[in-house]
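Notes follow once the structure below has been shown.
The values are calculated or read from the model by the stated rules, or taken from the named source; none is laboratory data. What you see is a predicted model; the values in this text were computed from it and never measured. Don't worry about glycine lacking a Cβ; one is built from the backbone with ideal geometry, like all the others, and counts go over all protein chains shown. Heads up: the accessible areas ignore ligands, DNA and RNA and are worked out on the full protein's heavy atoms, side chains in. Shrake-Rupley method; radii C 1.70, N 1.55, O 1.52, S 1.80 Å.
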Amino acid sequence: MNKNPSNVMALAPNTSNKRETVCIFGTGDFGRALGHKMIQSGYSVVYGSRSTQISNLIPKDAEVLSHAEAAQKAAVIIIAIQRQHYNFLIPLAEILHGKVLVDISNNLKLNQYPESNAEYLAQLLPGSRVVKAFNTVSAWALQSGTLDASRQVFVCGDDMEAKQMVMNIVRALGLTPLDKGSLLAAQEIENYPLQLFPMWKFPIFLSLGLIVFFFLYCLALDVIYTYIYEKNNFSFFIAITIPNRVCPVMALILLALVYLPGIFAAIIQLYRGTKYRRFPDWLDRWMLCRKQLGLIALAFAFLHAVFTLVTPLRAFASWRTSRRIISQALNNETEPLNNTNAWLSDSYLALGILGFFLFVLLGITSLPSVSNNVNWREFRFVQSKLGYLALILCTAHTLVYGGKWFLNPSAYKWYLPDIYMLSLIIPCAVLVVKFVLILPCVDKPLTQIRQGWERNPKHSE
């Protein structure tokens, strides 16, 4: 796995006691928090403010001067003010000429202005070297020290030397700089904090749609059908029984959907005979959110495990068990042990436990703190090889549990198949096609294509 060299020493800042002076324009929450963090890291901090009176909110060791005086004391000036107030900087253009201006501002909505705030600042002060940084870090995180959720700092700028100076400051604060390129990337960086789980939208909406469909499907077959034709009121199934049917189905289908785009990608590459053409946009977006699909699937698997554990505690389960025992006692009957059913019961439980274990392992290795400590081959082995093994075990778990209903006419209420039958369609299709793809006659040309071989090089794009 290729690492960005700028990130390698992110947690090993310069340990010298005193660093250069940094100027901060703005004494708001973020400006104060950033100044306090810089002082802790050994920097001298001078604030540029309209009021030069020392406030109790200003860090104790910081100096407060007018904007012009503060700018003359530092080569790096952090602009901790909103875009609508940038005009006051125009009279300071001569003093700010050649200085590194770090724009940390954010907007209230996506693409609020035609250009990014950093580009606008560069237009106002063409003689200054503008760098975009720190906008993805919160003042609360800087003050509390809980930086795990916002340790990464995106940095972009047209001047390489200025950008490196800012990245050195980021490292000194114990954060991780990520070079995003030129100032053209500032718009994307400014939009990033405004996006609410951008990679989770498709998985969440897909999951919600499937939940509604399967819940209504089970409601129709297990509650409404039973009430109409058998005159039994099983409406309480809504609390435990139906969720415990929907959760494993969701977990299995979403796990299969994690590996389905890889199947599509392999088929497309085989059809085209090259890897040097982009996949369709829908497939690209699908492949980018596979991690989120897998984590949601793991959440449903956890819910299924919890619902299964509490099932024996239900009043309905106790009533059904006691009724069977009383019936056998009144009829003076003893139900012998059915070895076939015992084997099926133990088998599907064992398959479920093993599949759930691998499911949890996949979730653990997807955590950044874990994935960053394994190489690419190890990560791929867990996510691909063990992932397919988890899919096989979970599919077998469902087959063993619900297979008895495939040929049972009573399982087809309103001529509709049981929910377990529906849940097996996508996983079985994925596993069958994957088996075909790993056959030597198919795997060999696919491997060659992924290594750069092309069937018709002149037609590749």
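The table below gives the values:
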{"item": "Cβ pairs under 9 Å, 6+ apart, first in region 34-49 and within 14 Å of L65 (Cα to Cα) and open to solvent by less than 20 Å² (accessible area, probe 1.4 Å), second basic (K, R) and not in a helix (DSSP H, G or I)", "result": "V46/K73"}
{"item": "Enumeration of residues in region 262-295 that are open to solvent by less than 70 Å² (accessible area, probe 1.4 Å) and of a type in the set (F, W, Y)", "result": "F279, W286"}
{"item": "Yes/no for L439 being of a type in the set (A, V, I, L, M, F, W, C) and either under 26 Å from C218 (Cβ atoms) or modelled with pLDDT of 95 or more (or both)", "result": "no"}
{"item": "Leading residue by the ranking (most open to solvent (accessible area, probe 1.4 Å)) among those in region 168-185 that are not in a helix (DSSP H, G or I) and not aliphatic (A, V, I, L, M)", "result": "K180"}
{"item": "Helices (runs of 4 or more DSSP H) contained in region 388-461 and holding at least 1 residues basic (K, R) and crowded, with 16+ Cβ neighbours inside 10 Å", "result": "425-437"}
{"item": "Residues that are under 21 Å from L298 (Cα atoms), assigned to a helix (DSSP H, G or I) and touching a residue at least 60 places away in the same chain (Cβ under 8 Å), drawn from region 339-383", "result": "F359, V360, L362, G363, F379"}
{"item": "Residues of region 63-113 classified as touching a residue at least 60 places away in the same chain (Cβ under 8 Å) and of a type in the set (G, A, S), total", "result": "2"}
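Results for (1) in contact (Cβ under 8 Å) with a residue 40 or more places away in the chain; (2) in the same structural domain as C247 (by the TED database); (3) farther than 30 Å from T226 by Cα, shown as yes or no for each residue.
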site	(1), (2), (3)
Y412	no, yes, no
L422	yes, yes, no
I426	yes, yes, no
L431	yes, yes, yes
